[in-house]
1. State the Cα centre-to-centre distance between the stretch 176-203 and the stretch 225-290 in whole Å.
2. Fully extended, how many nm does the chain gain between Glu237 and Ile253 (0.36 nm per residue separation, minus their Cα-Cα distance)?
3. Can you give the FRET efficiency to the nearest 0.05 for Ser276 and Glu178, using r as the Cβ-Cβ distance and R₀ = 41 Å?
4. Give me the lysines in straight-line cross-link reach of Lys104: C-alpha distance below 26 Å, same-chain residues under 8 apart excluded.
5. Taking a cut-off of 28 Å between Cα atoms, list the lysines near Lys149, but don't count ones fewer than 8 places away on the same chain.
6. Taking 0.36 nm per intervening residue step and subtracting the Cα-Cα distance, what contour gain separates Leu283 from Leu46 on full extension?
7. If each residue's Cβ is checked for other Cβ atoms within 10 Å, how do Asp113, Asp126 rank with the fewest at the top?
8. At a Förster distance of 30 Å, what's the computed FRET efficiency of Asp65 paired with Ala151, Cβ-Cβ distance as r, to 0.05?
Amino acid sequence: MMDVQRTQGMWMRACELALVLQLVSPYAAECAENDSVVVVQGRFLLHKFENPIGEETYRIVRVSDTLSVGMNFKFTDRGVQVPLAASLRCAPDLTPRSFAIKGKTSRSSRIDDSVEVGPGMTRIRDRDRWSEVATTAKPPASFEPGVTKVAPELAAQLIEVDLPSSYSALRDSILTKELSILGILHRAGITIVAGTDQSVPGHSVYREIELYVQAGFSPQEALQAASIIPARVMGLEKELGTIEKGKRADLIIVNGNPLEDIHNIRNVEFVITNGSMYNSSELWRSVGFKPWP
């Protein structure tokens, strides 16, 4: 078993590399035509109490359909050299394929581990020992595409590089059971009000509505759970919840019919509120997000 300190160092470094890929992925996409190209590279100088103690260099390369980022971390801690090298390979959608790290995490701690991610199986190397873990873990972007649109300041919180787990399949089965229960409650006439903790700001409520359809709601019923039904629950149905003369004109204009495909709720073109119309793309950019789609 990997000790706690080495494991934390390994996955913290993987998170950093994943964040770097998230930030530069738009530039990487522009280089997709080339078989092999350096997307970006650079260097950070490390200081302690205004004194230089080392440097960290990084280099991101696109090779065919793979993005690779490598980092080399070198600094001196009280006269002791602390070198550390790490590399992360990802698919174009940032789904991780492999990660490796080797060197020192402190003056006295060493690390030499790697991970290879394959369909339904993850291989983990702890020094010279390999082990395999069955997993159905999915990258967040595979079920919440809004993850790829967030501002860079939020990316580190949403792109979680965690240890592969045999509980991944269990988590999927729990979600399936929860959706089944939700459908049963809905068919029994229980009032369902859309709600979300906004794990992906500006997008999570879309995911909530999409899940309602997955649970058996009709697209219209799912939309009502986020409009007229909460208005009724709060006793505000005479002011909002539907588009009617005399009601508050707070609404969105989407490109596409969500009654035909509930995912069209994400294609917001304009937002109308307080008597003004706003371009959705401009609103996204104003807070550092990427416009949809």
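1. 19 Å
2. My answer for the length gained is 3.7 nm.
3. Once rounded, the FRET efficiency stands at 0.60.
4. Those lysines meeting the cut-off are Lys48, Lys74.
5. Correct list for Lys149: Lys138, Lys290.
6. Separation in residues times 0.36 nm, less the Cα-Cα distance, equals 81.6 nm.
7. Asp126, Asp113
8. That gives a FRET efficiency of 0.65.
Rule-based calculations on the coordinates, nothing more; no lab input. It should be emphasised that the depicted structure is a prediction, and the values quoted were computed from it without experimental measurement. Using ideal geometry, Cβ is built from the backbone for each residue, glycine included, and neighbour counts are taken over all protein chains shown.
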